[in-house]
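A short worksheet on the structure shown next.
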Amino acid sequence: MARSNQSFNKKEKEKKKKKKREEKLERQRQRKIEKAEGGKKTFEDMISYLDEDGNITSEKPDPTKKKKVIKAEDIVLGVPKREDIPYDPIRKGKVKFFNDEKGYGFIMDLETQDSLFVHINNCEEEIRENDKVQFEVEAGDKGPVAVRVKIIKPE
């Protein structure tokens with residue numbers, strides 16, 4: 001039996017090229033039909049307007065309608081000041097995973113439910129999985145890290 005001179009990949013590429021050509025011709029035909037029907041848009045058809053809420057509409061705004069008056073003093077640029085909320089740097093959490101051999105693990109912050117990396121060098125006492133701990137958060141190389149980790153003694 002004789003083998004085909006064209007590989008499967010070549011056939012696929014030719015099919016794609018043929019399909020693109022056909023799509024291009026179809027778009028050209030559609031443009032010709034639209035042009036013959038008078039599909040040319042006027043300048044008035046292309047204009048868009050903004051309503052009082054900042055939304056784009058095709059309707060011209062009513063000039064008789066009363067406009068909102070905004071004082072320049074009421075406009076706040078930037079981030080509004082945060083109220084002074086007392087922030088406790090000491091957090092509480094639960095050890096979700098800890099590998100004694102490798103010396104690292106993860107703590108689940110009870111307040112924010114964030115998972116924080118903890119290394120044995122940042123622990124003040126030996127910790128195990130499911131221990132309730134208190135700790136502080138510092139920025140590490142790859143994200144937040146729990147430091148000064150202590151076990152919370154049950155009362």
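The values are calculated or read from the model by the stated rules, or taken from the named source; none is laboratory data. Keep in mind it's a predicted model, so treat the numbers as computed, not measured. FYI the Cβ positions are ideal-geometry reconstructions off the backbone, even for glycines, and counts take in every protein chain you see.
Quick look at the values:
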read-out	value
Some residue of the stretch 86-94 being among the aliphatic types (A, V, I, L, M), surrounded by 14 or more Cβ atoms within 10 Å (Cβ to Cβ) and in contact (Cβ under 8 Å) with a residue 24 or more places away in the chain	no
Matching residues, the stretch 38-75, being in a loop (DSSP other than H, G, I, E, B), among the β-branched types (Val, Ile, Thr) and modelled with pLDDT of 80 or more	Ile47, Thr64, Val69, Ile70, Ile75
Options Ile120, Ile152: the member that is among the aliphatic types (A, V, I, L, M) and either touching a Gly at 6+ places or on another chain (Cβ under 8 Å) or without any contact (Cβ under 8 Å) to a residue 24 or more places away in the chain (or both)	Ile120
Lone qualifier among Lys96, Lys18, Lys92, Lys102 - being more than 35 Å from the chain's Cα centre (by Cα) and either at pLDDT 80 or above or of a type in the set (A, V, I, L, M) (or both)	Lys18
In the stretch 112-150, the residues that are outside any strand (DSSP E or B) and under 13 Å from Phe97 (Cα atoms)	Ile120, Ile127, Arg128, Glu129, Asn130, Asp131
Any hit, the stretch 80-103, residues being polar (S, T, N, Q) and not in a strand (DSSP E or B)	no
